[in-house]
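The structure under discussion appears below in the form of structure tokens.
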Amino acid sequence: DAGITQSPRHKVTETGTPVTLRCHQTENHRYMYWYRQDPGHGLRLIHYSYGVKDTDKGEVSDGYSVSRSKTEDFLLTLESATSSQTSVYFCATEMTGEGDYGYTFGSGTRLTVV
Amino acid sequence: AQSVAQPEDQVNVAEGNPLTVKCTYSVSGNPYLFWYVQYPNRGLQFLLKYITGDNLVKGSYGFEAEFNKSQTSFHLKKPSALVSDSALYFCAVTGGGNKLTFGTGTQLKVEL
């Protein structure tokens, strides 16, 4: 997990509140990804970024937005948290975008929406 | 669309015995295949990958995987399991130039 820091590591929030998760990398990788991990579903892509201010949606993007103002930071925002967004969120980075080097993952953020 | 299937939610093995964690895939073009391991409360860690070349790929912690194009499989193997290998294992695939698609994971439990 070296080089990728996710914050916070744990968070409990109330339904309807906005929440922002942060991913910070020192790898200088161009590509960054946000996944959520849920039992029985594995990892599902929420949003990704292919450069500063360049982002796109993944397969489960509804209710989430992202921003990337610097190479090293990729923020995930839950605009109005719901109980279905209780999950473990992982950030990942990739050097080339071609898939041949694989991803490097952060340690995750466990989010509970009550 | 690309996809990965890990048919076993859990695999139980006795320490010292060989282990196999199964993975099959579907992708357009030549596949890039990966195995990752996740220990409790940790992120995913890279184990090994197949991009091209020898069908038998060796990775970290004594793990290896065999790429079989005709069966579209990439099973993870280890000759002698350790209790410390107990973890959640993910197979992933991409067709190159695309994002990785992950399987649902296989929980490996190695018992004394």
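The values are calculated or read from the model by the stated rules, or taken from the named source; none is laboratory data. If you're wondering where the values come from, they're calculated on a predicted model, not measured in any experiment. Heads up, the Cβs are rebuilt from the backbone with ideal geometry, glycines too, and the neighbour counts pull from every protein chain shown. For the accessible areas, the whole protein counts, side chains as well, though only heavy atoms, and no ligand, DNA or RNA atoms are used. Shrake-Rupley method; radii C 1.70, N 1.55, O 1.52, S 1.80 Å.
Quick notes on this structure:
- Residue B:71 vs. criteria farther than 29 Å from residue A:4 by Cα and either at pLDDT below 95 or not in a strand (DSSP E or B) (or both): yes
- Qualifying residue in the range B:41-60 (condition: open to solvent by less than 20 Å² (accessible area, probe 1.4 Å) and either touching a Cys at 6+ places or on another chain (Cβ under 7 Å) or away from chain A (no Cβ under 14 Å) (or both)): no
- Filter result for residue B:77 (modelled with pLDDT of 95 or more, part of a strand (DSSP E or B) and farther than 24 Å from residue A:39 by Cβ): yes
- Scanning the range B:95-104 for residues that are of a type outside the set (D, E, K, R), at the interface with another protein chain (Cβ under 7 Å from one of its Cβ atoms) and under 18 Å from residue A:91 (Cα atoms) returns B:98, B:100, B:102, B:103, B:104.
- Annotation: of all residues in the range B:95-110 being part of a strand (DSSP E or B) and under 14 Å from residue A:35 (Cβ atoms), the one that is least open to solvent (accessible area, probe 1.4 Å) is B:102.
- Qualifying residue in the range A:90-98 (condition: in contact with a strand residue (DSSP E or B) (Cβ under 7 Å, 6 or more places away or on another chain), of a type in the set (Gly, Ala, Ser) and in contact (Cβ under 8 Å) with a residue 40 or more places away in the chain): yes
- Taken over the range A:6-23, residues that are open to solvent by 80 Å² or more (accessible area, probe 1.4 Å) and part of a strand (DSSP E or B) amount to 3.
- Criterion (under 13 Å from residue B:86 (Cα atoms), in a strand (DSSP E or B) and at pLDDT 95 or above) met by exactly one of B:11, B:57: B:11
- When restricted to residues that are within 15 Å of residue A:46 (Cβ to Cβ) and either assigned to a strand (DSSP E or B) or away from chain B (no Cβ under 11 Å) (or both), the range A:102-112 contains 3.
- Qualifying residue in the range B:6-16 (condition: touching a residue at least 24 places away in the same chain (Cβ under 8 Å), among the small types (Gly, Ala, Ser) and surrounded by fewer than 20 Cβ atoms within 10 Å (Cβ to Cβ)): yes
- Pairs are defined by a Cβ separation below 7 Å, a sequence spacing of at least 6 or placement on different chains, a first member in the range A:15-40 that is closer than 27 Å to residue B:106 by Cβ, and a second member that is among the small types (Gly, Ala, Ser) and not in a strand (DSSP E or B); the pairs so defined are A:23/A:106; A:31/A:97.
- When the residues of the range B:61-86 are filtered to those that are of a type in the set (Lys, Arg) and farther than 20 Å from residue B:30 by Cα, the one that is most open to solvent (accessible area, probe 1.4 Å) is B:77.
- Hits in the range A:102-114 (condition: open to solvent by less than 20 Å² (accessible area, probe 1.4 Å) and closer than 16 Å to residue A:37 by Cβ): A:103, A:105, A:106, A:108, A:109, A:111, A:113
- Strands (runs of 3 or more DSSP E) (entirely within the range A:24-101) containing at least 1 residues that are touching an Asp or Glu at 6+ places or on another chain (Cβ under 7 Å) and open to solvent by less than 50 Å² (accessible area, probe 1.4 Å): A:31-38, A:42-51, A:64-70, A:87-94
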